[in-house]
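Contents: one structure, followed by commentary.
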Amino acid sequence: MTMDMIIIMIGGLILLLGVLIGVAFLTLLERKVLGYIQIRKGPNKIGIMGLLQPFSDAIKLFTKEQVYLNYSNYFSYYFSPIVSFMLSLIIWMIIPYSFNMIMFNLGLLFFLCCTSMGVYTVLMAGWSSNSNYSLLGGLRAVAQTISYEVSLSLILLSSIIMIMNFNMMLFDKYQSLIWLIFLMVPLSMCFFFSLLAETNRTPFDFAEGESELVSGFNIEYSSGGFALIFLAEYSSILFMSLLFVIIYMGGYELSMMFYLKMIFLSFFFIWVRGTLPRYRYDKLMYLCWKSYLPISLNYLLFFLGLKMILSYEINLV
């Protein structure tokens, strides 16, 4: 094994550990922020200000008894959370880390492929539990995710056209003078709310609608299975925050400012959860197909025209 491969493996391991620790403390941040929004303290018993709460939760969840359902499709039921968690970790490979020697020229395409695959795990988790509530939650999640992937892809295309590349390293260079968020304010807002829908977060958490579906597709999961679904969701929240910062807020840079921007975006996910009530399902679909799709298509045509004019001007010069 060459030294390059060893460095790549060590880099991947550091990334994996960083993501898992980040996810653990994101759950603590969410419980604290929601606590203060609802005028209460949140976790504050274990460790200083509840800092050890995530580790306590992890130990509790992974040591609980695993329940196996008699009427479930055992293989799909058991492996859906594992595959879901693996997919949410694989996406992290496309981050343009300086010390890791993996670099994707087609990073954004890889991201879209992995998020599309996430739909199947939710569907399998919902169907294989053999419960009406789980199946309904799974079907809702599939309809929602597929719908919002369309607008997400089209919104991403506008940014891709501006830099004419799928490589995430280049967003840094193209935003050295001005962030893309200032050029695409409505588009970036649509992108953020599409990310909320893509990660099944409030106000679009219909896959887990407690008021009517008890807990949706993960109702039959306990202990490790539930923990893995939970980890996959929070890992994708962290990744979506990071993606937003790379595309719209200055690109990737190895500095404290970059991570502060990422934490602010993650906080925004939680803030939205504490503030907004759940949408109605038909309004969710209406928002996607009647609002976001036309906006993203119009902007796509606008940026295509803008890019053509700019390239024509450059050729004239």
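The values are calculated or read from the model by the stated rules, or taken from the named source; none is laboratory data. Treat the numbers as computed from the prediction; the structure is a model and nothing was measured. Glycine also receives a Cβ, built like all others from the backbone with ideal geometry; neighbour counts cover every protein chain displayed.
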- [ ] Determine, yes or no, whether residue 64 is over 23 Å from residue 267 (Cα atoms), surrounded by fewer than 18 Cβ atoms within 10 Å (Cβ to Cβ) and among the basic types (Lys, Arg).
- [x] yes
Open item on the list: Show the residue pairs meeting these rules: Cβ distance below 7 Å; 6+ apart or different chains; first residue within the range 279-301 and touching a residue at least 24 places away in the same chain (Cβ under 8 Å); second residue part of a helix (DSSP H, G or I) and surrounded by fewer than 17 Cβ atoms within 10 Å (Cβ to Cβ).
Closed with: 293/150; 295/186
Open item on the list: If the requirement is being touching a Ser or Thr at 6+ places or on another chain (Cβ under 6 Å), among the small types (Gly, Ala, Ser) and buried (at least 21 other Cβ atoms within 10 Å of the Cβ), which of these qualifies: 134, 129?
Closed with: 129
- [ ] Name, by its number, the condition in (1) surrounded by fewer than 22 Cβ atoms within 10 Å (Cβ to Cβ); (2) within 20 Å of residue 88 (Cβ to Cβ) that does not hold for residue 240.
- [x] (1)
Task: Candidate set: the range 254-303, residues that are charged (D, E, K, R) and surrounded by 15 or more Cβ atoms within 10 Å (Cβ to Cβ); chosen: the one modelled with the highest pLDDT - done: 261
TODO: Give just the number: which of (1) part of a helix (DSSP H, G or I); (2) within 22 Å of residue 252 (Cα to Cα); (3) modelled with pLDDT under 85 does residue 167 not satisfy?
DONE: (1)
TODO: Give the residue that is nearest to residue 91 (Cα to Cα), with candidates limited to residues of the range 29-47 that are part of a helix (DSSP H, G or I) and of a type in the set (A, V, I, L, M).
DONE: 29
Open item on the list: So for the range 158-172 (the condition being in contact with a Gly (Cβ under 8 Å, 6 or more places away or on another chain), touching a residue at least 24 places away in the same chain (Cβ under 8 Å) and polar (S, T, N, Q)), does at least one residue qualify?
Closed with: yes
Task: Residue within the range 101-113 that is in contact (Cβ under 8 Å) with a residue 40 or more places away in the chain and touching a Cys at 6+ places or on another chain (Cβ under 7 Å) present - done: no
- [ ] Considering every residue within the range 71-83, establish whether at least one is at pLDDT 85 or above, hydrophobic (A, V, I, L, M, F, W, C) and more than 26 Å from residue 138 (Cα to Cα).
- [x] no
Open item on the list: With of a type in the set (Val, Ile, Thr) and at pLDDT 85 or above as the only criterion, which of 59, 102, 7 stands out?
Closed with: 59
Task: Total residues in the range 42-71, condition of a type in the set (A, V, I, L, M) and closer than 30 Å to residue 131 by Cβ - done: 5
Open item on the list: From the list 16, 26, exactly one residue is surrounded by fewer than 16 Cβ atoms within 10 Å (Cβ to Cβ), in contact with a Leu (Cβ under 7 Å, 6 or more places away or on another chain), hydrophobic (A, V, I, L, M, F, W, C) and within 25 Å of residue 93 (Cα to Cα). Which is it?
Closed with: 16
Task: Per-region count, the range 48-100, residues part of a helix (DSSP H, G or I) and of a type outside the set (Phe, Trp, Tyr) - done: 26
Task: Filter result (among the polar types (S, T, N, Q) and over 14 Å from residue 299 (Cα atoms)) within the range 146-160 - done: 147
Open item on the list: List pairs: first residue in the range 256-278 and free of Cβ contacts under 8 Å to residues at least 24 places away in the same chain, second residue crowded, with 16+ Cβ neighbours inside 10 Å and part of a helix (DSSP H, G or I) anywhere in the structure, Cβ distance under 7 angstrom, at least six positions apart or on different chains.
Closed with: 258/245; 261/245
